[in-house]
Amino acid sequence: MKNFSGKVLFLDRSDINTDEIIPAKYLTEITKEALKPYLLEDLKLDTFNPEKDIEGKAVVITRENFGCGSSREHAPWALEVNDINAVFAANFARIYRQNMYNCGMLAMELPENTINEIFSKFASKDTEAKVDISSSTLTLESGDIKETYNFNLAGFDRSLIESGGWVDYADKKY
Amino acid sequence: MGKTIAEKIFESHLEDQPFEGINVIRLDAVFCHEITTPVAIADLVARGKDRVFDSTKIKAVIDHVTPAKDSKTAEQGKIMRDWAKRHDIKDFFDIGRNGVCHAIFPEKGFVRPGYTVIMGDSHTCTHGAFGAFAAGVGTTDLEVGILKGVCAFKEPKTIRFVLNGKLPKGVYAKDVILYIIGQIGVNGATNMVMEFTGPVVDKMSMESRMTLCNMAIEAGGTSGICYPDMTTVNYLWKFIKQDFITKQDALKAYSKFISDKDAKYEKVIEYDLSNLEPMMTVGYKPDEVKTVKEMEGANIDQIYIGSCTNGRIEDLRIASEILKGKKISDKVRGVLSPATPDIYSRALKEGIIDIFMKAGFCVTNPTCGACLGMSNGVLANGEVCASTTNRNFNGRMGKGGMVHLMSPATAAATAIAGKITNAKISGDKPKAKPVKKTAQKAEKKVKKTAVQKPAKKKVTGKGGKK
Ligand code: SF4
């Protein structure tokens with residue numbers, strides 16, 4: 001199983017698309033590693049600078065419809081090679097969400113008001129996330145503020161995370 | 001209780017339900033192109049699983065960047081070529097015979113009513129126009145599709161769109177889908193099948209239905225879907241005539257893939273489109289939509305006509321009617337990419353290519369080209385393109401570029417004027433308001449609807465009937 005805990009990167013916008021996560025011009029790369037420098041290169045956000053803000057982060061927290069647009073699995077891979085294996089959002093685009101689990105990564109929905117609360121309490125601070133898959137909890141900590149949120153990791157998604165992906169599972173079974 | 005078309009297709013293809021709400025379905029076709037497939041092939045090889053489930057059900061094409069533009073794209077093409085050869089994939093379309101995937105595969109008769117199709121491409125939803133369930137997937141799902149011929153999906157929840165009225169002259173499927181996305185938003189149909197029905201769809205050609213279904217993903221939809229009817233049968237007839245004695249027989253057989261009257265929907269949304277105007281996008285999201293009239297006069301540098309949305313013969317005919325005998329403004333440049341070789345050669349025979357060239361368009365070979373900003377018409381920083389494609393994301397057609405999505409008619413008129421303008425098409429003139437308020441208030445409102453202007457449409461909640 002991958003590591004899902006560490007420092008949080010807050011992306012305060014809805015509808016962040018896969019072109020913003022990894023632009024099309026890098027889709028000619030055949031290795032995942034080659035995508036590393038280009039993660040979120042085209043994302044324009046006042047509070048975000050890809051050159052400084054990605055380094056050392058392990059978890060992304062964002063708003064609605066993360067990963068909309070193209071089906072490119074390069075989007076989760078670009079996160080993965082930057083050691084980011086978990087994204088929390090109000091909801092995800094379907095293909096992107098499935099791609100995350102197919103790679104053994106975590107794409108977890110939290111209720112919109114929980115996301116709002118997290119943004120108002122933590123977004124402006126250095127925040128550490130502890131994700132516990134077995135108890136399905138996300139604990140955020142910054143200075144003396146600490147909050148724990150429950151999430152719901154259902155059967156299929158959990159089995160993909162635990163078995164490390166869909167290819168071996170399907171090849172054995174079908 | 002009745003079933004939707006998507007539920008019927010799932011039921012007839014169900015292989016397994018490993019977890020509650022998860023359906024592993026058998027696939028009738030797995031489509032492949034050179035951007036997302038090489039990575040899947042490389043991974044299968046690395047796992048020692050370089051196999052295909054059925055070489056006759058795999059269809060492959062090199063379309064996104066063709067001819068190769070550099071060593072890396074050449075390598076992607078080579079991986080596809082070698083793989084197709086190795087596994088005896090007969091339906092592989094290499095340069096000279098290749099075209100944009102979602103245009104060439106339907107043209108070859110590879111999609112039939114009731115089929116299940118996946119591809120490592122988000123606009124795979126296009127093929128739902130044939131009454132099929134067709135969904136874009138990522139590389140891992142594609143890999144499993146290639147290897148085992150199955151894919152896992154949640155229950156196919158459906159939003160039914162009932163498109164009433166009659167489209168005014170000069171208003172097309174592209175305007176309809178832009179309007180719908182503008183209404184429900186880019187997240188409005190996430191995890192949902194978008195079922196398009198009603199008199200407007202019944203009258204549409206297969207080309208127009210493909211345009212409609214093509215952009216379902218821009219509202220987050222899993223698949224667009226239309227009911228199979230005589231238009232579908234006529235389009236497919238040359239491929240299916242061995243299987244049926246008459247067209248009526250084919251229609252009867254395909255009619256099992258029509259939703260039951262008492263099918264259960266997440267939502268039913270009705271629009272009256274009799275007064276719809278030509279629409280276009282204005283920002284970096286496909287739901288940022290305005291009427292062309294509101295944007296009249298806006299600046300443009302390039303016009304692009306092509307893609308899996310609007311690069312078909314019908315689109316070229318519409319644009320050429322407007323371009324005939326005219327020249328495009330010297331303030332702009334025009335690029336036409338017919339979507340397939342067949343479309344290209346028909347356009348040549350019909351004199352359409354000549355019209356485009358005399359008007360001053362550059363005509364390229366069939367390819368995705370400028371649509372995803374990898375070749376054939378990439379924008380410079382700060383430039384704007386009037387485009388018949390489906391995505392206006394920031395940087396999509398080139399870093400710092402801006403794309404306005406629109407119909408081929410609007411794009412052609414804009415090319416002549418050198419700025420955004422409505423096509424002047426004789427016939428019933430589109431009126432000022434995009435839609436007429438005709439619908440009654442919904443009997444039972446959905447909890448949270450993404451539709452912003454409920455006055456213009458009718459929404460029925462869960463379980464709502466036709
Ligand atoms: S034409 Fe554009 S949207 Fe269609 S398949 Fe090609 S790149 Fe994708």
Notebook entry, point to check: Mind checking which pairs have a first residue in segment A:79-98 that is touching a residue at least 12 places away in the same chain (Cβ under 8 Å) and a second that is acidic (D, E) and assigned to a loop (DSSP other than H, G, I, E, B), Cβ under 6 Å, 6 or more apart or different chains?
Noted result: A:A90/A:E64; A:N91/A:E64
Check: Which one of these does B:I104 not meet: (1) under 24 Å from B:V200 (Cα atoms); (2) in a helix (DSSP H, G or I); (3) hydrophobic (A, V, I, L, M, F, W, C)?
Finding: (1)
Checklist line | Single unsatisfied condition, A:T47 versus (1) closer than 22 Å to A:N116 by Cβ; (2) among the hydroxyl-bearing types (S, T, Y); (3) within 14 Å of another protein chain (Cβ to nearest Cβ); (4) surrounded by fewer than 18 Cβ atoms within 10 Å (Cβ to Cβ) | finding: (3)
Check: Does segment B:413-427 contain at least one residue that is within 12 Å of the ligand (Cβ to nearest atom), at pLDDT 95 or above and part of a loop (DSSP other than H, G, I, E, B)?
Finding: no
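Among strands (runs of 3 or more DSSP E) lying entirely in segment B:119-197, which contain 2 or more residues that are within 12 Å of another protein chain (Cβ to nearest Cβ), within 16 Å of the ligand (Cβ to nearest atom) and in contact with a strand residue (DSSP E or B) (Cβ under 8 Å, 6 or more places away or on another chain)? Spell out the reasoning first.
Details: elements: B:133-136, B:150-154, B:158-164, B:193-197.
Strands (runs of 3 or more DSSP E) meeting the threshold: B:133-136.
Would you kindly identify the helices (runs of 4 or more DSSP H) lying entirely within segment B:286-399 that contain at least 2 residues that are within 16 Å of the ligand (Cβ to nearest atom)? Spell out how you get there, then give the answer.
Values: elements: B:292-295, B:307-310, B:313-323, B:341-349, B:352-359.
Where helices (runs of 4 or more DSSP H) fall fully within segment B:286-399 and carry at least 2 residues being within 16 Å of the ligand (Cβ to nearest atom), they are B:307-310, B:313-323, B:341-349.
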Note to self: Can you find, within segment A:157-174, the residue that is surrounded by the most Cβ atoms within 10 Å (Cβ to Cβ) among those that are more than 9 Å from chain B (Cβ to nearest Cβ), at pLDDT below 85 and assigned to a helix (DSSP H, G or I)?
What the structure shows: A:S163
Margin query: Any residue that is surrounded by fewer than 22 Cβ atoms within 10 Å (Cβ to Cβ), within 12 Å of chain B (Cβ to nearest Cβ) and under 17 Å from A:A123 (Cα atoms) - is there at least one of those in segment A:6-24?
Written below: yes
Check: All but one of (1) of a type outside the set (A, V, I, L, M); (2) at positive phi; (3) more than 14 Å from every other protein chain (Cβ to nearest Cβ) hold for A:S135; which doesn't?
Finding: (2)
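Can you tell me how many residues in segment B:198-239 are of a type in the set (S, T, N, Q) and within 14 Å of chain A (Cβ to nearest Cβ)? Spell out how you get there, then give the answer.
Keep residues of segment B:198-239 that are of a type in the set (S, T, N, Q), which gives B:205, B:208, B:211, B:214, B:222-223, B:231-232, B:234.
Filter again for within 14 Å of chain A (Cβ to nearest Cβ), leaving B:214, B:222-223.
Matching residues across segment B:198-239 total 3.
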Next item on the list: Starting from residues that are more than 30 Å from B:T367 (Cβ to Cβ) and more than 10 Å from every other protein chain (Cβ to nearest Cβ), keep the ones in segment B:18-38 and report whichever is nearest to the ligand (Cβ to nearest atom).
Entry: B:I25
Next item on the list: Working only within segment A:40-96, note down all residues that are acidic (D, E) and either within 16 Å of the ligand (Cβ to nearest atom) or closer than 27 Å to B:S223 by Cβ (or both).
Entry: A:E64, A:E73
Next item on the list: Select from segment B:57-74 the residues that are within 19 Å of the chain's Cα centre (by Cα) and either more than 9 Å from chain A (Cβ to nearest Cβ) or assigned to a strand (DSSP E or B) (or both) and list them in ascending order.
Entry: B:K59, B:A60, B:V61, B:I62, B:D63
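The values are calculated or read from the model by the stated rules, or taken from the named source; none is laboratory data. Please read these numbers as outputs of a predicted model, since none were measured by experiment. Here the Cβ is made from the backbone with ideal geometry for all residues, glycine too, and neighbour counts use every protein chain on show.
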